[in-house]
Structure formats: C-alpha cells, structure tokens
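The values are calculated or read from the model by the stated rules, or taken from the named source; none is laboratory data. Quantities reported herein were computed from a predicted structural model and do not represent experimental measurements. Neighbour counts run over all protein chains shown; Cβ positions are idealised from the backbone, glycine included.
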Amino acid sequence: MTDPDNLPMQVRDALARQLKQPRLRMAVAGEPYLAGDVVGDRSLPPHRLILAAVGQRYAIVHFESGGTTASRSVVVFELTARGTEVIWSEKVKRRTSAPVEFEQALKDGRLFADVDDARRPPD
C-alpha cells in the first residue's frame, strides 16, 4: 500500500498514536510533505508513507518524517483481537519503495541492515 487512507482503520489509529497525532496526518507515497523544519508549507503533513504491508497478524509501515533532519522509519504492528500494538519501531537508513524489493528486504532482513542487532525486530 502507498496511500495511508487505504490502511485498515485500526492500523491508521495505531500509527497516529505512535506519531502522537490525534488523527493520522500522512502524505501518500510520492506526494509532497513537510520534509524540513525551516522553510515549507506548514499545511503539508509532517510524514509521508513510503510503503506498507498488511497481513492478518502483522502490519509493517515504512514512512518518512520531516524535521531538522528528514528520516525514515519502520513500525511493526501486531493485529490481535485486543487491538493493534506496536511490537517494534526504529529509524532506518534504507528507503525501500518498490513493492517487490520491500517484500524481499523484509524476508531477508535488508530493510533492517543498518539497525543494531539488539534493536532488530523479533523473528
């Protein structure tokens, strides 16, 4: 998925909580977002979705955030009957925007290659 509006409501709500937003404010992949903190259109969202994968048990969201230094992050959510919980979240250096590449990077761990072993997501 590349449009945050297409994420299931429970994932959008959990991502908004993770980003400390009352309601998710995130640009569609490839659309403008507030990448810096000095100059820019303040009406733009501060985050932009790169790519997301949603399954029956997990959702993985890869996105960019603006600020002093623009960054990329990955959040892994577990989807349960009790709700949606963050089981791992970390900034990453790699930007993986092609769906096939994203899937392969998840499977072989390349998406997390720049994350310390102690901070990698659980298998």
Checklist entry - Using beta carbons and a limit of 9 Å, which pairs, at least six apart or on different chains, have the first residue in region 22-33 and closer than 16 Å to V11 by Cβ and in contact (Cβ under 8 Å) with a residue 60 or more places away in the chain and the second one aliphatic (A, V, I, L, M) and surrounded by 13 or more Cβ atoms within 10 Å (Cβ to Cβ)? => result A29/M1; A29/L49; A29/I50; A29/L51
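Which of the residues spanning region 59-109 are more than 19 Å from R17 (Cα to Cα) and not in a helix (DSSP H, G or I)?
T68, T69, A70, V92, K93, R94, R95, T96, S97, A98, G109
Among the residues of region 76-118 satisfying the criterion of being among the aliphatic types (A, V, I, L, M), surrounded by 13 or more Cβ atoms within 10 Å (Cβ to Cβ) and within 14 Å of the chain's Cα centre (by Cα), which is modelled with the lowest pLDDT? Walk me through it before giving the result.
So in region 76-118, the residues among the aliphatic types (A, V, I, L, M) come out as 76, 79, 81, 86-87, 92, 98, 100, 105-106, 111, 113, 115, 118.
Okay, now just the ones that are also surrounded by 13 or more Cβ atoms within 10 Å (Cβ to Cβ), so 76, 79, 86, 92, 105-106, 111, 115.
Filter again for within 14 Å of the chain's Cα centre (by Cα), leaving 76, 86, 92, 106, 111.
On the way: V76: 93, V86: 94, V92: 85, L106: 80, L111: 76.
Ranking the qualifying residues of region 76-118, first place goes to L111.
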Checklist entry - Can we say Q10 is surrounded by 12 or more Cβ atoms within 10 Å (Cβ to Cβ) and among the polar types (S, T, N, Q)? => result yes
Next on the checklist: It is to be established whether one or more residues within region 61-75 are under 18 Å from L111 (Cα atoms), aromatic (F, W, Y), touching a His at 6+ places or on another chain (Cβ under 9 Å) and surrounded by 17 or more Cβ atoms within 10 Å (Cβ to Cβ).
Outcome noted: yes
Checklist entry - Does L24 satisfy the condition of being touching a Pro at 6+ places or on another chain (Cβ under 7 Å), modelled with pLDDT under 95 and outside any strand (DSSP E or B)? => result no
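Those residues that are assigned to a loop (DSSP other than H, G, I, E, B) and either surrounded by 15 or more Cβ atoms within 10 Å (Cβ to Cβ) or acidic (D, E) (or both), I need them from region 36-58; list them, please.
Going through region 36-58, the residues assigned to a loop (DSSP other than H, G, I, E, B) turn out to be 37-46, 55-57.
Matches in region 36-58: D37, D41, L44, P45, P46.
Considering only residues of region 22-34 that are closer than 19 Å to T68 by Cα and crowded, with 16+ Cβ neighbours inside 10 Å, which is nearest to the chain's Cα centre (by Cα)?
Initial filter on region 22-34 (closer than 19 Å to T68 by Cα): 25-27, 32-34.
Then drop every residue that is not crowded, with 16+ Cβ neighbours inside 10 Å, which leaves 26-27, 33-34.
Working: M26: 10, A27: 11, Y33: 14, L34: 16 Å.
In this case the residue turns out to be M26.
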Item to check | Count of region 85-113 residues which are over 16 Å from R72 (Cα atoms) and touching an Asp or Glu at 6+ places or on another chain (Cβ under 7 Å) | outcome: 2
